[in-house]
Each structure stands twice: as structure tokens, then as C-alpha cells.
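Below you will find the structure I want to go over with you.
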Amino acid sequence: MKGFRDILPENIEKWQLLEETAKSIFKSFGYKEIRTPILEKTLTFERGVGDATDIVEKEMYTFLDKSGESVTLRPEGTAGIARAFIENKLETSVFNKLYYIGPMFRYERPQKGRFRQFHQIGAECFGIKNPAIDAEIIFINKLLFERLNIKANLEINNIGCPVCRPAYTKVLIDYFENYKDSLCTDCQKRLYKNPLRILDCKNEKCKIVVKGAPKLKDYVCKNCQEHYNSTKEYLKALNIEYIENDMLVRGLDYYTSFVFEFTNTITLSAGGRYDNLISDLGGGNICGVGFALGEERLIDMMDAKVQNNIDIYIANLSVTFYALQILQILKNFPYSVYCEYSSKSLKSMLKKADKLNTSVSIIIGENEQKSNTCIVRNMKSSNQQTIGVEQLENILKGVFYVT
Ligand code: HAM
């Protein structure tokens with residue numbers, strides 16, 4: 001299906017490395033995992049992400065369930081987690097630093113790095129007003145990239161809040177009205193609904209008009225400005241370099257004041273503060289900040305060839321009971337073992353052991369079964385020796401621990 005992909009075993013180690021690295025970093029910062037349903041009421045996204053956004057207007061997989069209720073495959077994680085936070089009264093819990101990993105769905109035009117089912121790793125923190133938490137979120141995001149050896153530039157912006165943004169939106173509309181005919185058809189439609197989005201339109205004609213547009217930073221209120229300035233100070237204290245980008249507006253409506261993106265030719269991750277999301281979804285006056293990265297985009301940039309990590313191949317030459325016995329013995333030790341059950345020739349078994357990148361093959365046939373022995377073959381040197389089964393532990397120790 002267009003925009004949907006299988007993640008195959010030959011690539012799975014990269015995915016696991018990315019997810020394990022993220023999990024260990026989150027854990028080290030005191031973040032707890034949260035798992036929310038993939039299907040949510042459509043209203044959660046209409047209210048949360050905003051009904052004038054591209055995501056809600058054009059990209060959601062929305063349908064009526066058998067009871068006639070409108071439901072949607074989550075296009076992103078934040079709104080659903082905010083919904084879960086409210087419903088489960090998590091404001092009374094100590095766990096307000098959360099992370100998640102999972103699939104998201106957007107009906108977008110598939111292209112390089114853009115899929116209809118894609119995967120995000122994200123974090124959300126609720127109830128912390130201090131701008132240091134915005135810096136912590138970026139610190140975590142950056143650390144993850146560093147651990148994976150991925151280079152990315154951090155761009156930040158202050159996009160104001162419902163107090164200061166309306167005044168700006170008004171001057172922006174006044175400005176763009178003068179150039180309406182020069183805007184692309186999408187931006188002409190956005191003009192009254194979501195004029196901020198015109199600022200990051202990729203159309204060359206729109207870009208020219210945008211150059212002369214009034215700047216949001218000249219209109220933001222004192223609170224937003226103070227928050228933004230303090231976040232920048234905390235970023236400096238953490239030695240995190242950033243570029244301020246006036247045109248960074250983000251495609252989701254819930255953001256207030258501080259927003260950011262990490263880019264390297266394509267946006268790898270993004271996030272920001274959303275102080276009204278919980279109240280917009282019917283909860284209390286609880287602020288939030290978070291980020292999410294696109295796993296497919298990171299996997300594309302991870303150059304590390306992750307090795308298959310199967311240690312031992314049991315070349316079972318039609319002595320399956322004996323093979324199971326050996327498997328049972330080996331399970332007392334920390335090796336990964338692939339046991340063969342299909343009847344192949346020894347040659348093709350050893351070929352397979354090579355492809356699985358194993359260090360050792362244990363070859364067993366009728367003779368070995370009768371004498372309670374096995375042939376241990378070092379797959380690198382091709383040296384092999386027949387040993388008694390009771391010697392297995394010591395011999396394997398020699399292969400795996402002495403290089
Ligand atoms: P977003 O910018 O829509 O933000 O998505 C975050 C990341 O998900 C993007 O930077 C990109 O790497 C990846 N991504 C988005 N769409 C696709 C796609 N169609 N195919 C592949 N990757 C994609 C959010 O989703 C917010 N919930 C982030 C956030 C969390 N803000 C606060 N907390």
C-alpha cells in the first residue's frame with residue numbers, strides 16, 4: 001500500500017538500536033513510558049491539533065466506527081497523551097515526564113522520508129512552567145542524536161500565545177491581502193484561516209512575499225518574551241547551539257511561545273511548548289512541552305551497520321532430539337542460538353550460518369549423537385574439533401571471551 005512499509009528483519013537491528021538508545025536516555029532523565037491507543041476520537045485531534053491545520057483538514061485517517069462515532073488513527077502523539085493525562089488524572093501523579101514510541105498515520109503524498117504510516121519517538125512534560133524544562137527536552141533530543149552520531153542543526157522561534165498572536169495575525173492578514181494574487185492557491189486559502197502557515201510555505205513566489213512580512217517577534221507579549229529569553233539562556237548554559245528562525249511556525253496549532261526543529265536537509269525532530277492544550281481538551285490549566293522525532297528519517301541517517309548478533313548455529317543433521325538437548329544445555333549460557341530444524345546439506349547449513357554472521361557452528365549428526373559429542377566449528381578460522389558435550393561450556397568460553 002502506498003506510503004506503508006514493512007520493516008524487515010535485515011533492518012530491525014537499526015530500529016532496535018534507535019529505540020533502545022532513546023529508552024535508556026529517557027530513563028536516565030526520569031521519564032516514564034506511556035502507551036496510548038492508536039485510535040482516538042476525532043475530536044481529540046480537531047480540538048488538540050487544530051481544525052485549520054493541514055493535518056486535521058487533509059491528512060487524517062478518519063472513519064465512523066460501527067456505532068457511528070467518528071474515530072481517527074492518531075496523526076501524532078501529543079494530543080492523545082494530553083487526553084490520557086486528563087482522563088487518568090495524571091496531574092495527581094508524580095509521573096509528569098513521559099515518553100512514547102509508536103506508529104502515527106497521515107494521508108500525505110509519499111516521498112523520501114515521508115510516509116503514511118511512520119513512527120515517532122517523543123516525550124511530553126506536563127505542569128512545569130520553568131523554561132528550564134524546554135531546555136531539558138532539547139538536551140535529551142540532542143543527546144539522542146549525538147549517541148547515534150547524527151548531525152543536526154537546532155532552529156528555534158517564539159510563536160507567541162493566544163494573548164499576543166491575534167494582534168499579529170491581524171497585521172499579517174492586512175499585509176498578505178496586498179499580495180493575495182502572488183500567493184499560491186494553498187496560501188490564498190490559508191490567508192484567513194491560518195495565516196501563520198504562509199510564513200513557512202515552500203513555494204518560491206510565497207517566499208518572496210514572506211520576506212517583507214511583519215515579524216512575530218515584534219508583537220509577542222511580555223510573558224512569551226521572558227519565557228523565550230530564559231529558554232535561550234538555559235540552552236546556552238547547556239552549551240547547546242541554536243539558530244533563531246523567524247519563519248519557523250510549525251504545523252500544529254497547540255504551540256505557545258517556544259518552538260524548535262532539528263534539521264539536516266530534512267526535519268528530523270520537532271517540538272515546543274503548548275500551555276493551553278490540556279485546557280483546550282477540557283482539562284485544567286496545565287502547561288506542557290515536548291518533542292517528537294521521525295524514526296524513519298533517523299534510520300535513514302544512521303550509518304552504523306548493526307551486526308546480526310546470533311552467536312551460535314546448531315547444524316542439526318537430522319538428529320532433532322539431540323539438537324534440542326544441546327539447545328537446552330546452551331540456554332544455561334548467555335549466547336544467542338539459532339537451531340536448524342530443516343533437512344539441508346551440511347554445506348548449505350554452513351552457508352546459512354555465515355549469512356547469520358555466527359561465530360560458532362555446532363555440527364551434530366548420528367555419530368555425534370551416539371558418542372554424546374559435537375563438532376565445534378569456529379566460523380572465522382574454519383577450524384573445528386570434536387568434543388564431548390560436557391566440554392561445551394569451556395570451549396565456548398574460550399571462543400567468546402578470549403580473542
Ligand atoms: P511533527 O513536526 O508533525 O510534530 O512531527 C515530528 C516529526 O515526525 C517530524 O519532524 C518528522 O521527523 C516526523 N514526521 C512527521 N510526519 C512524517 C511523515 N509523514 N513521514 C515520516 N516522518 C514524519 C509532531 O508530531 C508533534 N506531536 C511533536 C511534539 C511533541 N510537539 C510537542 N510534543
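Name the single residue that is nearest to D300 (Cα to Cα) among those in the stretch 132-145 being within 15 Å of the chain's Cα centre (by Cα) and more than 9 Å from the ligand (Cβ to nearest atom). It would help to see each step written out before you state the result.
Within the stretch 132-145, the first condition is being within 15 Å of the chain's Cα centre (by Cα), and the residues that meet it are 137-138, 140-145.
After this cut, where a residue has to be more than 9 Å from the ligand (Cβ to nearest atom) as well, the list is 138, 140-145.
Numbers: I138: 21, I140: 20, N141: 17, K142: 17, L143: 18, L144: 15, F145: 13 Å.
My answer is F145.
Can I ask one more? Residue check, G127 against (1) under 19 Å from V259 (Cβ atoms); (2) away from the ligand (no atom under 12 Å from the Cβ), all met but one. Which one?
Against the list (1) under 19 Å from V259 (Cβ atoms); (2) away from the ligand (no atom under 12 Å from the Cβ), G127 comes up short only on (1).
Additional query: Just a yes or no: is a residue in the stretch 372-381 loosely packed, with under 13 Cβ neighbours inside 10 Å and either under 30 Å from P103 (Cβ atoms) or without any contact (Cβ under 8 Å) to a residue 12 or more places away in the chain (or both)?
Within the stretch 372-381 (the criterion being loosely packed, with under 13 Cβ neighbours inside 10 Å and either under 30 Å from P103 (Cβ atoms) or without any contact (Cβ under 8 Å) to a residue 12 or more places away in the chain (or both)), the answer is yes, since at least one residue qualifies.
Another question about this same structure. Before we move on, is V209 crowded, with 19+ Cβ neighbours inside 10 Å and more than 21 Å from the chain's Cα centre (by Cα)?
Numbers: crowded, with 19+ Cβ neighbours inside 10 Å: yes; more than 21 Å from the chain's Cα centre (by Cα): yes.
Yes: the conditions hold for V209.
Counting only residues that are among the aromatic types (F, W, Y), give me the helices (runs of 4 or more DSSP H) lying completely in the stretch 161-227 with at least 3 of them.
165-177
For (1) closer than 14 Å to V289 by Cβ; (2) more than 19 Å from the chain's Cα centre (by Cα), each residue gets a yes or a no:
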| residue | (1), (2) |
| --- | --- |
| Y107 | no, no |
| R114 | no, no |
| F126 | yes, yes |
| N130 | yes, yes |
| N158 | yes, yes |
| R165 | no, yes |
| Y179 | no, yes |
| S182 | no, yes |
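Now, a different point. Considering every residue within the stretch 62-77, establish whether at least one is in a helix (DSSP H, G or I) and in the same structural domain as Q225 (by TED's automatic domain parsing).
Among the residues of the stretch 62-77, not one is in a helix (DSSP H, G or I) and in the same structural domain as Q225 (by TED's automatic domain parsing), which makes the answer no.
Here's another thing I want to ask about it. Of everything in the stretch 260-305, what is under 28 Å from E87 (Cα atoms), of a type in the set (A, V, I, L, M) and near the ligand (Cβ under 8 Å from one of its atoms)? Give them in sequence order.
A270, V289, A292, L293 - these are the residues of the stretch 260-305 that are under 28 Å from E87 (Cα atoms), of a type in the set (A, V, I, L, M) and near the ligand (Cβ under 8 Å from one of its atoms).
Need the failing condition index for R250 against (1) charged (D, E, K, R); (2) near the ligand (Cβ under 8 Å from one of its atoms); (3) assigned to a helix (DSSP H, G or I), just the number.
(3)
Shifting gears a bit: Mind checking whether some residue in the stretch 222-234 is buried (at least 16 other Cβ atoms within 10 Å of the Cβ), assigned by TED's automatic domain parsing to the domain that holds D280 and on the phi > 0 side of the Ramachandran plot?
The answer is no; no qualifying residue exists.
What pairs come up if the first residue lies in the stretch 152-180 and is in the same structural domain as T263 (by TED's automatic domain parsing) and more than 16 Å from E226 (Cα to Cα), the second is of a type in the set (V, I, T) and part of a helix (DSSP H, G or I), and their beta carbons are under 8 Å apart, counting only those six or more places apart or on different chains?
Close Cβ pairs (under 8 Å, with a partner that is of a type in the set (V, I, T) and part of a helix (DSSP H, G or I)) amount to L154/I138.
Being surrounded by fewer than 16 Cβ atoms within 10 Å (Cβ to Cβ) and at positive phi is the filter here; which residues of the stretch 154-206 pass it?
Within the stretch 154-206, no residue meets the criteria.
Of these, F95, F26, F85, which one is surrounded by fewer than 16 Cβ atoms within 10 Å (Cβ to Cβ), in contact with a strand residue (DSSP E or B) (Cβ under 7 Å, 6 or more places away or on another chain) and assigned by TED's automatic domain parsing to the domain that holds Y274? Please lay out each step first, then the result.
On the way: F26 fails: surrounded by fewer than 16 Cβ atoms within 10 Å (Cβ to Cβ); F85 fails: surrounded by fewer than 16 Cβ atoms within 10 Å (Cβ to Cβ).
Exactly one residue qualifies, and that residue is F95.
Looking for whichever is modelled with pLDDT of 95 or more and under 20 Å from F291 (Cβ atoms) here; the options are K27, K41, K66. Which one fits?
Of the residues listed, the single one that is modelled with pLDDT of 95 or more and under 20 Å from F291 (Cβ atoms) is K27.
Quick test of your reading of the structure: E233 fulfils all but one of (1) more than 16 Å from the ligand (Cβ to nearest atom); (2) farther than 24 Å from A132 by Cα. Name the failing condition by number.
(2)
Same structure again: Name the residue, out of I86, I121, that is aliphatic (A, V, I, L, M) and in a strand (DSSP E or B).
One residue alone meets the criteria, I121.
So, G272, is that one in a strand (DSSP E or B) and either charged (D, E, K, R) or at positive phi (or both) or not?
Considered against the rule, which asks whether it is in a strand (DSSP E or B) and either charged (D, E, K, R) or at positive phi (or both), G272 comes out as yes.
Here is a list of conditions, (1) at pLDDT 95 or above; (2) within 26 Å of M60 (Cβ to Cβ), and K142 meets all of them except one; can you say which number that is?
Every condition holds for K142 apart from (2).
Considering only residues that are among the aromatic types (F, W, Y) and surrounded by 11 or more Cβ atoms within 10 Å (Cβ to Cβ), look in the stretch 304-340 and name the one that is farthest from the chain's Cα centre (by Cα). Let's see the steps before the verdict.
Let us first name the residues in the stretch 304-340 that are among the aromatic types (F, W, Y), namely 313, 321-322, 333, 335, 338.
If we keep only those that are surrounded by 11 or more Cβ atoms within 10 Å (Cβ to Cβ) too, we end up with 313, 322, 333, 335, 338.
On the way: Y313: 33, Y322: 44, F333: 34, Y335: 30, Y338: 30 Å.
Here the answer is Y322.
Being closer than 11 Å to T44 by Cα and either surrounded by fewer than 11 Cβ atoms within 10 Å (Cβ to Cβ) or out of contact with any Ser or Thr (no Cβ under 9 Å at 6 or more places or on another chain) (or both) is the filter here; which residues of the stretch 63-74 pass it?
Once the filter is applied, which keeps residues that are closer than 11 Å to T44 by Cα and either surrounded by fewer than 11 Cβ atoms within 10 Å (Cβ to Cβ) or out of contact with any Ser or Thr (no Cβ under 9 Å at 6 or more places or on another chain) (or both), the stretch 63-74 yields nothing.
Yes or no: the stretch 237-247 includes at least one residue that is assigned by TED's automatic domain parsing to the domain that holds D134 and surrounded by 20 or more Cβ atoms within 10 Å (Cβ to Cβ).
No, the stretch 237-247 has no match at all.
Scan E57, E91 and give me the residue that is on the phi < 0 side of the Ramachandran plot and within 16 Å of the ligand (Cβ to nearest atom).
From the options E57, E91, the qualifying one is E57.
The values are calculated or read from the model by the stated rules, or taken from the named source; none is laboratory data. Note that the coordinates shown come from a computational prediction; the quantities given were computed from them, not determined experimentally. Reconstructed Cβ throughout: ideal geometry from the backbone, glycine too, with neighbour counts over all protein chains shown.
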